[in-house]
Amino acid sequence: MKSTSTRVIALLLLQFLGAASALAQNTASPPSLEAERTKQEKIYHGRGELRLEGYVIDRSLSAYVRALPNGFAQSLANLGPEERWLDVGAGQGLAVLDYYAPEYDPRQAGRRERQIKKASAVAMSIEDRRTPRWQQTVDTVEPKQLQYVFGKSLREYTVDELGRFQLITDVIGGFSYTENLALLMEKVLSLLSVNGTFYTVAQDVRNEAGSNKPHYAGEPFLSQIKNAAGEDIGICAWLKKISCIEVTCEYKGDWTPPLETYKIRKTCNAVTVPQMKSERFVAGTPPERVFVLASPASAKP
Ligand SMILES: C[S@@+](CC[C@H](N)C(=O)[O-])C[C@H]1O[C@@H](n2cnc3c(N)ncnc32)[C@H](O)[C@@H]1O
């Protein structure tokens, strides 16, 4: 994430997939949603040489600690043996595997005692990216302590299927890739226990202060949320409209592309997420997206 030029790769991708250039798409008619979905599916399922360089699936736990907001390492270290962690968009699930490695020591994150038994974890991915290390680790933990779920996107799961979690993470997973961000947030918050925390990031977006410019000259921000006047309010301002959560947004301008990170604590169950319509979705790693806020009356409890 830090070193790859995502948008350049997105352009290469469009050529690779035999599509018209992104430039042409920006100036001509809007890209067809069905065609973009097909391209996005190819990105998810690309293997070997067909996996795009920008589609990173093997970030370690230390990469998660660097990318996610302050507090993530501590929240993970604090999980008790009966508690649960969900990683949405886990790729190979390397961060989860690192947590179960014997070398993982929660005292590095400030916990006083070494934890005897680790929490349970679920790694979720659309496509199955498990490696032999996954099974080797499963063999060392209790049944059901470590699960990998795949084959569909987060919004297609129910709370009955997955249960509830005290910690949820998303590092350039569903939060960055979904074409329905409101539905994704609703699902994440329904799976999160009260007092649980969701840690996530977005790259190349308008920051909370409105002080940054799109990373690539002449290109828009990668994800935009527009109000009725057509102005991009940014992801942070939208998250802050959701009820029953506390949101902290932190901008990491020294990353390439820059990141905004989000720490979201659920405070009560009456969550209401302001609905949005998708105005633009262009396949990529991650895709370019424009959402438009619906009128306040359409917010779903
Ligand atoms: C670029 S990889 C990131 C993998 C991992 N977080 C890492 O940093 O190495 C994107 C991951 O998100 C998953 N993904 C994308 N959209 C998703 C969605 N709506 N629900 C669940 N997983 C999703 C993909 O299947 C893939 O596993």
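Values as computed for the structure displayed
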| quantity | calculated |
| --- | --- |
| Test: Val122 is within 15 Å of the ligand (Cβ to nearest atom), at pLDDT 95 or above, in a helix (DSSP H, G or I) and under 23 Å from Asn195 (Cα atoms) | no |
| Condition broken by Asp139, with the remaining ones in (1) more than 24 Å from Arg265 (Cα to Cα); (2) within 13 Å of the ligand (Cβ to nearest atom); (3) surrounded by fewer than 17 Cβ atoms within 10 Å (Cβ to Cβ) satisfied | (2) |
| Among the candidates Asn195, Asn212, residue that is within 25 Å of Leu167 (Cα to Cα) and modelled with pLDDT of 95 or more | Asn195 |
| Top-ranked residue of segment 165-186 - restricted to ones that are among the polar types (S, T, N, Q) and not in a helix (DSSP H, G or I), ranked as nearest to Glu288 (Cα to Cα) | Thr178 |
| Any pair with Cβ under 7 angstrom, 6 or more apart, that starts in segment 60-83 at a residue that is closer than 14 Å to Leu259 by Cα and ends at one that is crowded, with 17+ Cβ neighbours inside 10 Å and small (Gly, Ala, Ser) | Tyr64/Ala95; Val65/Ala73 |
| Checking Leu162 against (1) farther than 30 Å from Glu41 by Cα; (2) within 15 Å of the ligand (Cβ to nearest atom), the condition it does not meet | (1) |
| Residue count for segment 187-208, restricted to those that are in a helix (DSSP H, G or I) and in contact with a helix residue (DSSP H, G or I) (Cβ under 8 Å, 6 or more places away or on another chain) | 4 |
| Some residue of segment 148-156 being outside any loop (DSSP other than H, G, I, E, B) and more than 16 Å from the ligand (Cβ to nearest atom) | no |
| Of residues in segment 59-68 being farther than 12 Å from Val96 by Cβ and near the ligand (Cβ under 10 Å from one of its atoms), the one farthest from the chain's Cα centre (by Cα) | Ala63 |
| Test: residue in segment 132-154 that is under 30 Å from Gly46 (Cα atoms), touching an Asp or Glu at 6+ places or on another chain (Cβ under 7 Å) and modelled with pLDDT of 95 or more | yes |
| Odd one out for Ala237, checked against (1) part of a loop (DSSP other than H, G, I, E, B); (2) surrounded by fewer than 21 Cβ atoms within 10 Å (Cβ to Cβ) | (1) |
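For every residue, the table says whether it meets (1) surrounded by fewer than 22 Cβ atoms within 10 Å (Cβ to Cβ); (2) under 15 Å from Leu68 (Cα atoms); (3) near the ligand (Cβ under 10 Å from one of its atoms).
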site: Tyr177; (1), (2), (3): no, no, yes
site: Ser190; (1), (2), (3): yes, no, no
site: Ser193; (1), (2), (3): yes, no, no
site: Tyr199; (1), (2), (3): no, yes, no
site: Ala202; (1), (2), (3): no, yes, no
site: Ala209; (1), (2), (3): yes, no, no
site: Asn212; (1), (2), (3): yes, no, no
site: Tyr216; (1), (2), (3): yes, no, no
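The values are calculated or read from the model by the stated rules, or taken from the named source; none is laboratory data. Bear in mind that the values here come from a model prediction, so they are computed numbers and not experimental data. Neighbour counts run over all protein chains shown; Cβ positions are idealised from the backbone, glycine included.
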